[in-house]
Amino acid sequence: MRPIIEVTAKLLIYFLFFTGIYIIVQPHLHDLIRAYRHRARIKRLQEAGAGRTDRPAAERSALYRHMDMLLQSTWKYYTDRTPANFVILTVSLFLSGFSVYTRYTGRVALSLVFAVLTALIPYICLWLYLQIIRSQTSYQLVPAVSQLLGSYRVCSGNIYFAVLETIRNLEDNYLKKAFIALANKIQNRKNDRDIEDAVELFVFRIQTSWAKQLGVLLLNALIDGRNIEQSLSNIVADMKDGQNIIEEERSHSQETIYLGFLPLFLFPGSMLFMQAMGGQFNVLRYQFTTNTGLTSFLVTLFLCFAAFVTALVLRKPRNDI
């Protein structure tokens with residue numbers, strides 16, 4: 001256990017070191033970011049004046065947009081600085097992991113792989129949290145859309161007021177926050193692009209085929225002013241049928257999914273068993289004090305974690321087609 005504690009301690013020390021450097025240079029870094037955004041805004045206005053309406057490269061980037069929506073969907077204290085801080089956190093973990101793993105394994109390529117995996121831990125945790133929420137929310141979407149349909153009829157086809165009325169009757173906190181964020185951005189919109197961004201984020205929070213269809217209907221109602229009552233009614237009926245099918249399939253696959261949790265318990269158990277049966281041969285000492293043993297431990301630990309994450313995500317499948 002001592003090598004594990006030592007590796008963890010050094011990872012923490014290196015991480016604090018790189019984070020401290022970031023805190024020192026943070027004011028200057030944010031000044032540079034603000035200057036870049038100012039120049040990008042001026043360039044965008046100049047391009048708009050010249051008849052070009054393309055968005056800045058950072059806004060067009062699918063990777064940046066994905067990370068930004070992930071943070072908006074999962075981070076409670078999201079601000080405009082959150083994406084930049086998240087990138088700094090990821091870089092700090094990568095540098096810390098690469099430094100420590102190189103010291104203990106002596107293999108640069110392998111250390112690079114494990115450093116990348118270490119740096120992705122915050123992203124994986126947020127992504128896993130989002131998947132669990134999506135699974136729960138996908139079942140709550142059925143009554144929510146039914147409520148939206150009723151509110152849409154009561155509000156005489158006004159989708160904005162229908163969304164507001166739906167919010168008052170929702171019980172699921174996460175889905176309620178998604179509808180509130182959608183309503184706020186619709187209310188404060190400056191152009192159609194703002195509405196598209198708001199609907200895109202709403203769909204991203206749920207990420208089912210039903211949510212995508214609902215997003216298309218919301219765009220049709222908000223931008224084109226179409227009547228979507230019949231389409232909403234069709235989605236509600238299809239979602240209820242799909243939910244019954246998912247429940248039947250789930251009952252037949254639960255035993256297989258639970259097997260994914262076993263490696264996380266069998267791995268440490270097998271090591272303790274071999275240590276007890278090894279006699280004079282110290283299994284744990286070989287496992288954690290040699291480059292080969294530590295490398296095999298990290299690989300096995302990663303595979304066990306991957307199996308655990310897969311089983312956790314599939315434990316309750318989303319209500320989707």
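The values are calculated or read from the model by the stated rules, or taken from the named source; none is laboratory data. Just so it is clear, the structure is predicted and the values come from calculations on it, not from any experiment. Counting neighbours? That spans all protein chains shown, and the Cβs are built from the backbone with ideal geometry, glycine included. Note: accessible area is taken over every heavy atom of the protein model, side chains too, but ligands, DNA and RNA are not part of it. Shrake-Rupley method; radii C 1.70, N 1.55, O 1.52, S 1.80 Å.
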Q | Top-ranked residue in the stretch 153-174 [being touching a residue at least 24 places away in the same chain (Cβ under 8 Å) and in a helix (DSSP H, G or I); ranked as surrounded by the most Cβ atoms within 10 Å (Cβ to Cβ)] | A | 159
Q: Check 45, 32, 120, 63 and return the single one that is in contact with a helix residue (DSSP H, G or I) (Cβ under 8 Å, 6 or more places away or on another chain) and either modelled with pLDDT of 85 or more or of a type in the set (A, V, I, L, M) (or both).
A: 120
Q.
For the stretch 208-232, give me each residue that is open to solvent by 40 Å² or more (accessible area, probe 1.4 Å) and either over 25 Å from the mean Cα position of the chain (by Cα) or among the hydrophobic types (A, V, I, L, M, F, W, C) (or both).
A. 216, 219, 223, 224, 225, 226, 227, 229, 230, 231
Q: Taking the options 93, 112, 89, 71, name whichever one is buried (at least 17 other Cβ atoms within 10 Å of the Cβ), modelled with pLDDT of 85 or more and in a helix (DSSP H, G or I).
A: 71
Q: Filter the stretch 278-321 down to residues that are open to solvent by 40 Å² or more (accessible area, probe 1.4 Å) and in contact with a Pro (Cβ under 8 Å, 6 or more places away or on another chain) and give me whichever is modelled with the lowest pLDDT.
A: 289
Q: Hey, could you check the stretch 96-109 for residues that are touching a residue at least 24 places away in the same chain (Cβ under 8 Å) and β-branched (Val, Ile, Thr) and say which is surrounded by the fewest Cβ atoms within 10 Å (Cβ to Cβ)?
A: 105
Q: Just need a number here: residues in the stretch 120-152 that are under 23 Å from the mean Cα position of the chain (by Cα) and either open to solvent by 40 Å² or more (accessible area, probe 1.4 Å) or more than 19 Å from residue 71 (Cα to Cα) (or both).
A: 15
